[in-house]
Amino acid sequence: MERYLNKGIKQVIIEFPAVGSILDEYNIGCTLCGVGACLLKDIVEVHNLSPEEERELMGRISKVIYPDRVVEIPVTQRKNGGAGAGEVKYSPPMQGLVDEHTVIKRLLAMIPFIIEDMEVSRGEDRALVLGTVDFIRSYADRYHHAKEEDILFKEFDENLDIIKVFNEDHKIGRGHVKAVIEALETGDNRSIKEHLAGYRELLKGHIKREDEVLYPWMDRNLSTSQIGRLFAGFINVDEQFREVRAKQGAFVKTLEKKYKYEEVK
Ligand SMILES: [Fe+2]
Ligand SMILES: [Fe+2]
């Protein structure tokens, strides 16, 4: 078992696909994660399972890997006890990021309406796509993702697989936006729709994993002085992006009104 605990989860799932289904049952979406380089032993720590859940999960996984043997399962050493998943209480700086996710999710919810009957040769449709790109670039990327990359992730070892996974998603997102801009130039309607829809799918999963896995794990591992440093750093960025926040907040509201979409509070 020790050998598999130190293996990348993606490799384990390729060898034993049933392990992927078991993890899915515990809402550990490794099968959906693009990188999947986390080690099997890290999964428990990162997802904050209770000791009972951990024993049960590891027992089931070991039965898949070694169907004919009784395997002794090592107990995972974890920081701060590992109380198990439950109501998440974020630190103040992390709560700020979660609140920004709410604004981004409201924009993501508008994308299907924007692309439904979009015809880029129509001025109004083109303006909507440009507005969406502007939101993504200024609010989601230069404001929110930069806070994560330049301040939050810097408090951790950036070679950690879990950090690489989230950085990689940001890069893929930028690729979608670049493709939308190129398609706007060539008037490629289909490509604009494809990449905006792709961005929405990517970010929906990314935000869910940050809210449910990454941020709670980070909060458990940050010291009080690190939280204080994050708080101060974020206030600074919030101040610099005051106008962007106001402008993009208003843009989302305009879309919600246009499509008669009930505002997400
Ligand atoms: Fe992120
Ligand atoms: Fe985020």
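Structure notes:
- Computed from the alpha carbon positions, the gyration tensor of the range 128-265 leads to an equivalent ellipsoid with semi-axes of 29, 19, 14 Å, biggest first.
- Springs between Cα atoms under 10 Å define the GNM used for the chain, and in it the highest mean-square fluctuation of ILE162, ILE136, ILE13 occurs at ILE13.
- Considering helices alone, the calculated mean residue ellipticity of the chain at 222 nm is -20500 deg cm²/dmol, with DSSP H runs of length four and up weighted by -39500 (n - 2.57) and normalised per residue.
- Distance in nm between pseudo-label sites at THR254 and ASN167 (7 Å out along the Cβ direction from Cα): 3.6
- Fewest-first sequence of TYR259, TYR90 by Cβ atoms within 10 Å of each Cβ: TYR259, TYR90
- Pairs with C-alpha atoms separated by more than 27 Å, drawn from the list LYS105/LYS171; LYS10/LYS89; LYS105/LYS154, are LYS10/LYS89.
- Distance in nm between pseudo-label sites at GLU155 and ARG142 (7 Å out along the Cβ direction from Cα): 2.6
- Value of relative contact order over the range 58-204, rounded to a whole percent, pairs C-alpha under 8 Å and six or more apart: 23
- Potential lengthening between ARG55 and ASP117 on full extension [0.36 nm per residue; Cα-Cα distance subtracted]: 17.2 nm
- Fewest-first sequence of SER50, SER21 by Cβ atoms within 10 Å of each Cβ: SER21, SER50
- Cα-centred dipole magnitude for the chain, charges only on beta-carbon of K, R (+1) and D, E (-1), debye, nearest 20: 240
- Arranged from fewest to most other beta-carbon atoms within 10 Å of their beta carbon, ARG122, ARG137 become ARG122, ARG137.
- Our estimate of slack between VAL98 and ALA18, defined as 0.36 nm per intervening residue step minus the Cα-Cα distance, is 25.5 nm.
- Projected label points at SER191 and GLN226, each 7 Å from Cα along the beta carbon direction, are separated by 4.2 nanometres.
- Shown here: the chain, whose C-alpha atoms stretch 67, 42, 33 Å along the first, second and third principal axes, sorted largest to smallest.
- P(r) tail fraction, the range 144-194 - alpha-carbon pairs more than 13 Å apart, %: 63
- Relative contact order of the chain, pairs being alpha-carbon contacts under 8 Å that are 6 or more residues apart, as %: 23
All of the numbers you see were taken from the coordinates with simple rules; none came from a lab. Small disclaimer: the values here were computed from a predicted structure and weren't measured. With ideal geometry, Cβ positions are generated from the backbone for all residues, glycine too; neighbour counts draw on all protein chains shown.
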